[in-house]
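The values are calculated or read from the model by the stated rules, or taken from the named source; none is laboratory data. Because the structure is predicted, anything quoted here is derived from the model rather than measured. Neighbour counts are summed over all protein chains in view; Cβ atoms, including those assigned to glycine, are modelled from backbone coordinates with ideal geometry.
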Amino acid sequence: MKKKVAASEKASSSAEFFEALEQLAQLRGIPLEDLIARIEDGVFKAMKKQFPDTDEEEFSVKIDPEKREMRACIMRTIVDDEPIDFNEINIDEARTIDPNCVVGEKIAYALDPATFGRVAAQYAKQSIRHDVREFEKEKLIAEYQDKVREIVSAEVIRTEPANGIVTVRVGKNEFSLMKNDQIPGEVLKVDDIIDVYIVDIINLERRPTVKLSRVYKDFVRKLFEREVPEIYDGTVEIVSIAREAGSRTKIAVKSNDENVDAVGSCIGPKSTRINNILASLANEKIDIIPYDADPAKFVANALSPAKVNRVEVADSDEKMCTAYVPENELSLAIGNKGQNAKLAARLTGYKIDIKPGN
């Protein structure tokens with residue numbers, strides 16, 4: 001009766017092991033065969049630690065998910081007297097395994113997992129955990145290395161008002177969108193579908209993850225590339241971008257085809273293209289600036305929506321200029337807290353002194 005109970009407990013334990021194995025594979029998105037290979041390696045390392053005097057080629061570990069069996073064996077040499085260590089086995093005991101075995105041969109001796117002991121089992125557990133982490137790291141890098149500096153769609157699955165962190169799901173993976181990578185003033189809610197920019201894969205030495213952002217200026221660049229075919233194919237070129245996320249972006253564009261209007265292409269028929277971009281940016285203001293190779297004209301364009309009478313470019317290597325605007329346009333040219341002037345300066349690369357005048 002005791003043997004039946006023990007066998008039943010062993011079968012139950014085996015079933016639980018394989019159920020947990022399948023759940024882990026599904027949860028982590030790891031192919032079952034890869035996870036099994038790592039567990040076999042972990043058990044193999046535990047066996048080597050438990051039996052340091054045995055050559056590693058004498059060990060074997062096989063996990064069969066179809067039969068739901070795990071078999072760990074050590075090859076022992078059959079002797080006709082008292083074994084000197086665990087590498088040997090007496091002929092009488094060996095014949096309980098294989099009645100036809102003979103002295104001098106080696107026989108596969110099945111090990112009870114309990115034989116590994118608590119320390120060996122912990123070693124196997126740590127080894128398996130390490131290998132699973134390494135697999136997840138490799139899988140994450142393989143999946144996202146070609147998506148770095150691109151935009152992807154993400155679903156908001158959790159928000160944390162205390163620290164402002166938003167958890168999003170990209171494909172089957174969950175990542176954190178930190179507060180300082182969210183557009184200031186936007187309120188993200190669970191089930192929202194948003195565009196995010198993949199900045200990089202970070203924490204490679206520890207627990208790798210993907211850094212996402214919605215505030216980088218290249219996020220805007222990628223939105224324009226997605227919505228404007230002429231930019232994607234190179235007919236229209238983005239020369240520079242200056243951005244204060246959540247408030248205003250200035251983007252300078254030029255056409256490489258005299259028959260194509262760069263600004264009009266970005267706006268699109270009935271403003272459809274620019275409206276799609278604005279929707280992705282929580283309706284952040286966007287000024288589409290026509291680039292001009294003449295610095296004076298470029299600076300004048302960059303100060304839009306203000307009217308500029310003229311621009312004097314200093315004859316020096318310091319890239320400085322003075323923009324003269326109508327008196328009633330002065331505050332518009334400078335902008336709230338100097339924002340318009342600062343963005344124009346960053347867009348053009350010129351330090352701009354704005355004055356009233358003709």
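Are there strands (runs of 3 or more DSSP E) fully within the range 296-358 with at least 2 residues that are in the same structural domain as VAL263 (by TED's automatic domain parsing) and at pLDDT below 95? List them.
Details: elements: 310-313, 320-325, 351-356.
Hits in the range 296-358: none.
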MET47 passes all but one of the listed conditions (1) at pLDDT below 75; (2) touching a strand residue (DSSP E or B) at 6+ places or on another chain (Cβ under 9 Å); the exception is number (1)
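Would you check if VAL190 is of a type in the set (Val, Ile, Thr), out of contact with any Asp or Glu (no Cβ under 6 Å at 6 or more places or on another chain) and on the phi < 0 side of the Ramachandran plot?
Numbers: of a type in the set (Val, Ile, Thr): yes; out of contact with any Asp or Glu (no Cβ under 6 Å at 6 or more places or on another chain): yes; on the phi < 0 side of the Ramachandran plot: yes.
So VAL190 fits the description; yes.
Would you check which residues across the range 226-238 are crowded, with 17+ Cβ neighbours inside 10 Å and without any contact (Cβ under 8 Å) to a residue 60 or more places away in the chain and list them? It would help to see each step written out before you state the result.
Step one: of the range 226-238, the residues crowded, with 17+ Cβ neighbours inside 10 Å are 226-228, 230-231, 236, 238.
Correct list: GLU227, VAL228, GLU230, ILE231, VAL236, ILE238.
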Apart from one, (1) within 25 Å of ASP353 (Cβ to Cβ); (2) free of Cβ contacts under 8 Å to residues at least 40 places away in the same chain; (3) not in a loop (DSSP other than H, G, I, E, B) all hold for ASP292; the odd one out is (3)
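What strands (runs of 3 or more DSSP E), lying completely within the range 188-282, carry at least 3 residues that are over 20 Å from the mean Cα position of the chain (by Cα)?
Working: elements: 193-202, 209-213, 236-244, 248-255.
Per the criteria, 236-244, 248-255.
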Going by what's in this entry, would SER265 be described as hydroxyl-bearing (Ser, Thr, Tyr), modelled with pLDDT of 95 or more and surrounded by fewer than 14 Cβ atoms within 10 Å (Cβ to Cβ)?
no
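Please note which strands (runs of 3 or more DSSP E) are completely contained in the range 30-113 and include at least 3 residues that are touching a residue at least 24 places away in the same chain (Cβ under 8 Å), surrounded by 16 or more Cβ atoms within 10 Å (Cβ to Cβ) and not assigned by TED's automatic domain parsing to the domain that holds PHE18.
Values: elements: 59-64, 69-79, 88-90, 106-110.
Strands (runs of 3 or more DSSP E) meeting the threshold: none at all.
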Scanning the range 277-299 residue by residue, the ones that are within 24 Å of GLN182 (Cβ to Cβ), surrounded by 15 or more Cβ atoms within 10 Å (Cβ to Cβ) and not hydrophobic (A, V, I, L, M, F, W, C) total 3
What is the number of the single condition among (1) modelled with pLDDT under 80; (2) loosely packed, with under 14 Cβ neighbours inside 10 Å that ALA121 does not meet?
(2)
From the list ILE202, ILE151, ILE194, ILE157, which residue is out of contact with any Phe, Trp or Tyr (no Cβ under 6 Å at 6 or more places or on another chain), closer than 25 Å to GLU244 by Cα and at pLDDT 95 or above?
ILE194
